[in-house]
Amino acid sequence: MKRMSVGAHIRSLLLAVYALLTLYPLYWLFVSAFKSNQEFFRHPYALPREPVLANLTRAWELGGMGRAMANSAIVAALALALTLLLASLPAFVLSRYRFRLRGPIMAFLLLGMLIPIHSTLVPLFIMLNRIGMLDSYAALIFPYTAFELSLAIFLIAAYMSSIPKEIEEAALIDGMGYWGVLLRLMLPLSAPALATVAILAFLRYWNEFSFALVFINSKSLKTLPLSLTLFSDGFGTDYGLTMAAMAIAVLPTIVIYLFFQEQIMKGMVAGAVKG
Amino acid sequence: MTNAGRLKLFMISCLAPGLLVYGLFAIVPIVWSAYYGFFDWSGIGEPKYAGWDNYASVVREPLFWRALKNNIIVVGASILGQLPIALALALLLNRNTWFSRTVRSAVFMPMVMSTVVVALIWKYIYHPQIGVLNYALKLVGLESWTMPWLSDPSVNMYALSVPIIWANVGPYLIIFVSAIQNLPSEVDEAAKLDGAVGGRKLFSVTLPMMWDTIKVTVIMCIAGSLKAFDLVFVMTHGGPAHTTELLATYMYNSTFAVYRYGYGSAISTLIVLVSAALILFSQLLMNRRSSS
């Protein structure tokens, strides 16, 4: 071991440098958010000498980031609730019962993970337009849910398969109906899988851009990523302000990541491998 | 009601709502886009039947082919950039020490950030006047290398590939780490007995045993690089002069800006076909290489 130590140290150093390189843009973003425009130009890469909070408050009010955050929160929360409901019910049936249509349904669900999502923008736009759903929260909630369902169902079904069947057989004999077994027994037992699905779905909905770009038109309904692009077009030359707006948008996801790293990594990898 | 009947009713009421929403908003649009591709529609009035016109003019349009070429550049950059970096990191970070975990978390971090934020940050990095990149080049005396990274057509596609690689190394790293951790330890010991260490062991033992995993990641790179719309759209809008157009941005720019929904539907259908073909092609290629 001792012989290796010089090499090992160099290796660790290089790895640390790579990690810092990955994190540097993020660091730069947060540092710049606290700089006035003059300071940003004078010392673009130094720590702020006189940190200013004005960027954050101005971005929140003037740039409508508060409104955008509320929209993102509403859309993400409603889509999340719908996703958990519409994924856990089929997941239970697919994990517990063997029936003729099970295979075809699984294949049908797998299809959704292979579809290049952007190829649905135009037809979905036309469909939503026809049913009068364009430019509303629903125009985002339903497509978001639909594209998250495959992964959500697979993750929950895989977890439910690992729960021993004896528990629910006993409950059925005790006179708990199918709905009782599902709602009062299986769902609480599947809480870890539901949590993973919820975290992944929340991140996806919070960050989603292209559907919001195409389906939302009213300024009052725009979600965070969409407002950010408009923000950088409008206030692009006020760098401190734009950076502050980005910091506001990215902070919730980073906090979630710090708490649920393991689940997020595993879940995203599972989604990527299947898709 | 009989017991079997009750079970059937229960199963149907569990499956139906989810499958309905999924089918309606995820699967049906694909079918509709193929159908809409046969019509001319500007958003107002009745769509007009146009036969194969839309499809024919898409494949005759040089911009479509340039977009396809740019998509393939992104695929190439993903395979040649993400995979070697992720693999090298995985070989160094496969122990579950505190240090390895921290570096792995840091590398994965961009995955949870909105692509819009990633794109805007990198737009600033590449900024010709205030960007970090040109600043750093001047600092080390390479002033002649500074350039407008996103507007010079000879480099801008490659410049765009860097943030795509930067943001997507994470999942591949995790996949490779778990593949390395799952290699049987007997092989490791046998290699040691035979005197295979260092690079020799890497190329004749470790990498061949990971071949299946590498195959999966190549296919993931291909599928993933077709999703690059957000980043390119925010950073360049496909410009200047369509030099960074991807299939998806080309679809967006020739539909929503100019109200040609039929034409856009035809492009959408071709995107589905192209990605199906790419995935199929890569799978065939991989299977042949591993059996020979």
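The values are calculated or read from the model by the stated rules, or taken from the named source; none is laboratory data. Because the structure is a prediction, the values reported are computed rather than measured. Neighbour counts are summed over all protein chains in view; Cβ atoms, including those assigned to glycine, are modelled from backbone coordinates with ideal geometry. Please note that ligands, DNA and RNA were not included when accessible areas were found on the heavy atoms of the full protein model with its side chains. Shrake-Rupley method; radii C 1.70, N 1.55, O 1.52, S 1.80 Å.
Some values worked out for this structure:
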| read-out | value |
| --- | --- |
| Selection from the range B:247-288 of residues that are of a type in the set (Phe, Trp, Tyr) and either touching a residue at least 12 places away in the same chain (Cβ under 8 Å) or in contact with a Phe, Trp or Tyr (Cβ under 9 Å, 6 or more places away or on another chain) (or both) | B:250, B:252, B:256, B:259, B:261, B:263 |
| Criterion (within 26 Å of residue A:120 (Cβ to Cβ) and under 18 Å from the mean Cα position of the chain (by Cα)) met by exactly one of B:84, B:110 | B:110 |
| Single residue of the range B:218-237 satisfying the filter (without any contact (Cβ under 8 Å) to a residue 24 or more places away in the chain and in a loop (DSSP other than H, G, I, E, B)) that is surrounded by the fewest Cβ atoms within 10 Å (Cβ to Cβ) | B:237 |
| Test: residue in the range A:82-102 that is open to solvent by 20 Å² or more (accessible area, probe 1.4 Å), closer than 21 Å to residue B:230 by Cβ and over 19 Å from the mean Cα position of the chain (by Cα) | no |
| Residue A:248 out of contact with any strand residue (DSSP E or B) (no Cβ under 8 Å at 6 or more places or on another chain), more than 11 Å from chain B (Cβ to nearest Cβ) and over 27 Å from residue B:174 (Cβ atoms) | no |
| Residue that is nearest to the other protein chains (Cβ to nearest Cβ) [pool: residues in the range A:1-46 that are among the polar types (S, T, N, Q) and buried (at least 17 other Cβ atoms within 10 Å of the Cβ)] | A:22 |
| Residue check, residue A:163 within 13 Å of another protein chain (Cβ to nearest Cβ) and in contact with a helix residue (DSSP H, G or I) (Cβ under 7 Å, 6 or more places away or on another chain) | no |
| Some residue of the range A:214-236 being outside any helix (DSSP H, G or I), more than 30 Å from residue B:215 (Cα to Cα), open to solvent by 10 Å² or more (accessible area, probe 1.4 Å) and free of Cβ contacts under 8 Å to residues at least 12 places away in the same chain | yes |
| Tally of residues being farther than 20 Å from residue B:127 by Cα and either of a type in the set (Gly, Ala, Ser) or in contact with a Phe, Trp or Tyr (Cβ under 6 Å, 6 or more places away or on another chain) (or both) across the range A:19-51 | 3 |
| Residue in the range A:28-39 that is without any contact (Cβ under 8 Å) to a residue 60 or more places away in the chain, assigned to a helix (DSSP H, G or I) and within 21 Å of the chain's Cα centre (by Cα) present | no |
| From the options A:240, A:234, A:267, residue that is over 28 Å from residue B:125 (Cα atoms) and either at pLDDT 85 or above or more than 13 Å from the chain's Cα centre (by Cα) (or both) | A:267 |
| Some residue of the range B:31-50 being on the phi > 0 side of the Ramachandran plot and surrounded by fewer than 18 Cβ atoms within 10 Å (Cβ to Cβ) | yes |
| Candidates A:148, A:166, filtered to the one that is part of a helix (DSSP H, G or I) and open to solvent by 10 Å² or more (accessible area, probe 1.4 Å) | A:166 |
| Within the range B:147-176, considering residues that are open to solvent by 40 Å² or more (accessible area, probe 1.4 Å) and not small (Gly, Ala, Ser), the one nearest to the other protein chains (Cβ to nearest Cβ) | B:168 |
| Every residue from the range A:199-223 that is among the small types (Gly, Ala, Ser) and within 11 Å of another protein chain (Cβ to nearest Cβ) | A:210, A:212 |
| Odd one out for residue A:131, checked against (1) open to solvent by 60 Å² or more (accessible area, probe 1.4 Å); (2) β-branched (Val, Ile, Thr); (3) facing another protein chain (nearest Cβ under 7 Å) | (3) |
| Among residues of the range A:237-262, those that are open to solvent by 10 Å² or more (accessible area, probe 1.4 Å) and more than 30 Å from residue A:124 (Cβ to Cβ), counted | 11 |
| Flag if residue A:51 is in contact with a Lys or Arg (Cβ under 9 Å, 6 or more places away or on another chain) and open to solvent by 60 Å² or more (accessible area, probe 1.4 Å) | yes |
| Selection from the range B:239-292 of residues that are open to solvent by less than 40 Å² (accessible area, probe 1.4 Å) and under 21 Å from residue B:212 (Cα atoms) | B:279, B:282, B:286 |
| Yes/no for residue A:144 being more than 8 Å from chain B (Cβ to nearest Cβ) and either within 22 Å of residue B:224 (Cβ to Cβ) or not basic (Lys, Arg) (or both) | yes |
| Number of positions in the range B:177-215 that are open to solvent by 70 Å² or more (accessible area, probe 1.4 Å) and not in a helix (DSSP H, G or I) | 3 |
| Residue within the range A:177-199 that is of a type in the set (D, E, K, R), open to solvent by 40 Å² or more (accessible area, probe 1.4 Å), over 22 Å from residue B:8 (Cβ atoms) and more than 26 Å from the chain's Cα centre (by Cα) present | no |
